Amino acid sequence: MPAAGVKALVESGGQPRAWTFLTNHAHVLLCLARESLTARELSLLIGITERSVQAILADLIAEGYLEKTKVGRRNSYSVNPSGRLRHPLESAHTVGELIDVLA
């Protein structure tokens, strides 16, 4: 095993580090593009805390990637497909393009 692999195992207490190609922000966007879900449903689906989902929703709303509307006692979220991806390497692409490819 390469030295970097051994170091990662030691730092993680003997367990391989878990990682994914997409951020939790991307997971929230993709899930909401498919169907209307509550923060609790998103947290269970993505595997993060409900509080983390709420923080991500706040980020995405503040930056214009999501719009929140009240439907009775429940919040409903709609994705803005024209929002640009944030990293300079991907900024020529939109959220809608990402959703089209992955959803």
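Taken together, the values in this text are just the output of simple stated rules run on the coordinates, not laboratory data. None of the values given here were measured: they were computed from a predicted structure. All Cβ positions, even for glycine, are placed from backbone atoms using ideal geometry, and neighbour counts span all protein chains on display.
Descriptive notes on the structure:
- Choice from Leu22, Leu37, Leu66 showing the highest fluctuation, given a GNM over the chain with Cα pairs closer than 10 Å: Leu22
- Shape call, the chain: gyration tensor on alpha carbons, a/c limit 1.5: oblate
- Under the criterion of Cα pairs below 8 Å and six or more residues apart, the relative contact order for the chain equals 20 percent.
- Length released on extending from Arg34 to Leu89, taking residue separation times 0.36 nm less the Cα-Cα span: 17.2 nm
- Each of Gly47, Ala18, Val101 was placed along the dipole of the chain (beta-carbon charges, centred on the mean Cα), and the one lying farthest toward the positive end is Gly47.
- Candidates Glu67, Glu35, Glu90, ranked by Gaussian network fluctuation over the chain, Cα under 10 Å, top entry: Glu90
- Most mobile listed residue (Val71, Val79, Val53) in the chain, GNM with C-alpha springs under 10 Å: Val71
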